1. Go through the stretch 175-212 and give me each residue that's surrounded by 13 or more Cβ atoms within 10 Å (Cβ to Cβ), of a type in the set (Gly, Ala, Ser) and within 20 Å of Cys241 (Cα to Cα).
2. Could you say which residue among Arg171, Arg215 is within 19 Å of Leu244 (Cα to Cα), assigned to a loop (DSSP other than H, G, I, E, B) and in contact (Cβ under 8 Å) with a residue 24 or more places away in the chain?
3. Considering only residues that are closer than 18 Å to Met102 by Cβ and in contact with a Lys or Arg (Cβ under 6 Å, 6 or more places away or on another chain), look in the stretch 127-145 and name the one that is surrounded by the fewest Cβ atoms within 10 Å (Cβ to Cβ).
4. Residue by residue through the stretch 224-253, note down the ones that are in contact (Cβ under 8 Å) with a residue 12 or more places away in the chain, in a loop (DSSP other than H, G, I, E, B) and either more than 29 Å from Ala56 (Cβ to Cβ) or among the hydrophobic types (A, V, I, L, M, F, W, C) (or both).
5. Scan (1) hydroxyl-bearing (Ser, Thr, Tyr); (2) out of contact with any Pro (no Cβ under 7 Å at 6 or more places or on another chain); (3) under 28 Å from Asp276 (Cβ atoms) for the single condition Tyr141 breaks and write down its number.
6. Just wondering, is there one or more residues in the stretch 243-250 that are surrounded by fewer than 16 Cβ atoms within 10 Å (Cβ to Cβ), over 25 Å from Arg47 (Cα atoms) and at pLDDT 95 or above?
7. Take the residues in the stretch 149-174 that are closer than 20 Å to Asn94 by Cα and of a type in the set (A, V, I, L, M); name whichever of them is surrounded by the fewest Cβ atoms within 10 Å (Cβ to Cβ).
Amino acid sequence: MASPLISPEELRALAGAVLLDARALADYAKGHLRGALHADPGFHLSRASEPDFDPAQGGRHPLPPLKAWRSNLGLWGIGTDTPVVIYDDQGGANAAARAWWMLRAVGHEDVRVLDGGLKAALQIGLEVTAEASPAQARSHYPASAWLLPTVEMEVVESLAKHREWRVLDVRSEARYRGETEPIDPVAGHIPGALNLPFTENLDSAGRFKSTVELRALYTQLLCGLRPDHLVVHCGSGVTACHTLLAMEHAGLGGSGLYVGSWSEWCRSGKPQAKGDLH
């Protein structure tokens, strides 16, 4: 299977791809790679901008309706055979990996995340502009369902207690332990959840670790279980996709995503834990 990552050098030589910038609109407006279209984390990649948005129902970044996602893909000119490359400025964690997951979840095969993100692109001299990038719109993307596994809160609660499953929290150790919580109203973690911060997927230069390193890391975490017996979450279902991307890169695809993540759980009245897992 081809890697879900692309190097800046490969991107420079690539022709005919749709390039998506998954940063916030203000960052995109200041300057983006020439030709990049904007994939807004709160508007295109979730329902967070909708008037009836409630983080207690699906977390801070619930998935948008499939119809809206199909429409946006069409407006960006993405068809079933269109190469797509996505980047952000946080090594894929906010929110290039989420966009990658959403494209894969409607069956799109030719989609990759720029390894090292915007910083790596600038280091090799790729051009940045503040000019709007035109899109070659086409009809809605043909998809009838989300195809990758997602897991709802009630199921996560059950699986976290099951010896044949793992529930993984990819937030920082301090947030997991409940020592700090900069975003959500309550600090802590889901009882029974393991912790392996998504930052462990990257090397000191902000690039993804090798497939050998990542495979060893997650094989140890799985402790003999198959990847499809792992559910991954974070604060709001965005950076969790970074770990799903890293596992795919390592040949360990198939894990589920708890989209609502801690932002939904901590508002639900369900039990909460602090400290390390015992």
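The values are calculated or read from the model by the stated rules, or taken from the named source; none is laboratory data. Quick caveat, the model's predicted, so the values are computed rather than measured. Here the Cβ is made from the backbone with ideal geometry for all residues, glycine too, and neighbour counts use every protein chain on show.
1. Of everything in the stretch 175-212, those that are surrounded by 13 or more Cβ atoms within 10 Å (Cβ to Cβ), of a type in the set (Gly, Ala, Ser) and within 20 Å of Cys241 (Cα to Cα) turn out to be Ala193, Gly206.
2. Among Arg171, Arg215, only Arg171 is within 19 Å of Leu244 (Cα to Cα), assigned to a loop (DSSP other than H, G, I, E, B) and in contact (Cβ under 8 Å) with a residue 24 or more places away in the chain.
3. His140
4. Matches in the stretch 224-253: Leu225, Arg226, Cys234, Val238, Ala250, Gly251, Leu252, Gly253.
5. With (1) hydroxyl-bearing (Ser, Thr, Tyr); (2) out of contact with any Pro (no Cβ under 7 Å at 6 or more places or on another chain); (3) under 28 Å from Asp276 (Cβ atoms) applied to Tyr141, the lone miss is (3).
6. No, the conditions are met nowhere in the stretch 243-250.
7. Per the stated criteria, the residue is Ala174.
Here is a yes/no grid of residues against (1) farther than 22 Å from Ile6 by Cβ; (2) among the acidic types (Asp, Glu); (3) within 17 Å of the chain's Cα centre (by Cα):
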{"site": "Met102", "(1), (2), (3)": "no, no, yes"}
{"site": "Leu114", "(1), (2), (3)": "no, no, yes"}
{"site": "Gln123", "(1), (2), (3)": "no, no, no"}
{"site": "Ala135", "(1), (2), (3)": "no, no, no"}
{"site": "Ser144", "(1), (2), (3)": "yes, no, no"}
{"site": "Glu157", "(1), (2), (3)": "yes, yes, no"}
{"site": "Ser172", "(1), (2), (3)": "yes, no, yes"}
{"site": "Tyr176", "(1), (2), (3)": "yes, no, no"}
{"site": "Thr211", "(1), (2), (3)": "no, no, no"}
